[in-house]
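What follows is a single structure, written as structure tokens, with notes after it.
The values are calculated or read from the model by the stated rules, or taken from the named source; none is laboratory data. Here the structure is a predicted model, which is why all the values come from computation and not from measurement. Every residue, glycine among them, receives a Cβ derived from its backbone with ideal geometry; neighbour counts consider all protein chains shown. Accessible surface is based on the protein model in full, side chains and every heavy atom, while ligands, DNA and RNA are left aside. Shrake-Rupley method; radii C 1.70, N 1.55, O 1.52, S 1.80 Å.
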Amino acid sequence: MGKKPPHMSDVEAARYAPPPPPTFHVPQPRLWFPWLVPLIFLANIAMFVYSMYENDCPAYLDARVCLFSEYLGRFSFQPFRENPLLGPAIRTLRLLGALEKDLVVDQNEIWRFVSCMFLHAGVVHLLANMFSLLFIGVRLEKEFGFLRIGFLYMLSGFGGSLLSILHLKETESNTVSVGASGALFGLLGAMLSELLTNWSIYANKCAALSSLLIIVGLNLAVGFLPHVDNSAHVGGFLAGFFLGFVLLMRPQYGYVNRKYIPPGYDVKRKSKYKCYQYFFLVVSVIILLVGYAYGLAKLYIEKSRDSFTFVDSYTR
């Protein structure tokens, strides 16, 4: 008694609604805890403080001409006519790893491609770059994680340094280049390519694209000011733009990972990435490899021919 019969008639079956299909919920993307970008921020601040310590303006010049020497002592700035950005002398930047054509090409000090990214010409230069780093980098690290953003930052900075040293070589300039601008422009370039390759997941596409283009244009315009190395900006931006297609790909809208689908529930799943995302990835990898290889070859091939005369006479 009390049990339903094993076989119900059509009238009895109509009393019981069919069970609803099983549902599944795709969890929201997990945000990463940003620690790498703040660490880079602190490293840049520490290097600037150390550069001012090593500079020791009163030891080389009359303390009366050093800016704020009565308050800062050996941390005082060079005279305004020598460094209007409130920072150390060129000799100090060169000593600590600034990018200079003769040292990189003739002395093979290739470590300067990276060290120059953590040096700044002055307080004004440092504050401008660090504000941009925190404003852009923290958001990107939250969304994509420290590993992707770390590779993006370093490879973009290397691209900016490479184009900068090529520009110094072509113009035969004896100036030095410092700053994290190349890496920061790489983050901007990656934001643009990330918007393009992940186009389907953005709700207000035109507004996001136009606002980003305005930000990029304003930052590139700063490069036309005197004593600003715009070649590093362009090199970092191009490297970051193509790296964004490789490192910042997102699954297309509507994609569901199989592990979030309950057993026995058949659902038509979309592919993780669209064809154009794979196309941009392959093309960007090729452009990056060719670009880096061409830049390094152009930088060092003439030196190799001078050192090894048989290179010119060798039959190919």
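The number of residues in region 59-74 being assigned to a helix (DSSP H, G or I) and buried (at least 18 other Cβ atoms within 10 Å of the Cβ) comes to 1.
Figure legend. Inter-residue proximity from region 130-142: first residues under 16 Å from GLU194 (Cα atoms), second residues of a type in the set (Ser, Thr, Tyr), beta-carbon distance below 8 Å, spacing 6+ or different chains. Indicated pairs: GLY137/TYR153. Being farther than 12 Å from ASP229 by Cβ, surrounded by fewer than 23 Cβ atoms within 10 Å (Cβ to Cβ), hydrophobic (A, V, I, L, M, F, W, C) and at pLDDT 90 or above is not true of PHE135. Considering region 138-159, and only residues there that are open to solvent by 70 Å² or more (accessible area, probe 1.4 Å) and of a type outside the set (A, V, I, L, M, F, W, C), the residue that is farthest from the chain's Cα centre (by Cα) turns out to be LYS142.
Each residue in region 105-117 was checked for being at pLDDT below 90 and open to solvent by less than 30 Å² (accessible area, probe 1.4 Å), and 1 of them qualify. From (1) more than 24 Å from the chain's Cα centre (by Cα); (2) surrounded by 16 or more Cβ atoms within 10 Å (Cβ to Cβ), pick out the condition that doesn't hold for PRO84. Single failed check for PRO84: (2). Just give me the residues in region 216-242 being modelled with pLDDT under 70 and of a type in the set (Val, Ile, Thr), in sequence order. Answer for region 216-242, where residues must be modelled with pLDDT under 70 and of a type in the set (Val, Ile, Thr): VAL222, VAL228. The set of residues in region 76-103 that are among the hydrophobic types (A, V, I, L, M, F, W, C), part of a loop (DSSP other than H, G, I, E, B) and more than 14 Å from VAL114 (Cα to Cα) comprises PHE80, LEU85, LEU86, ALA89.
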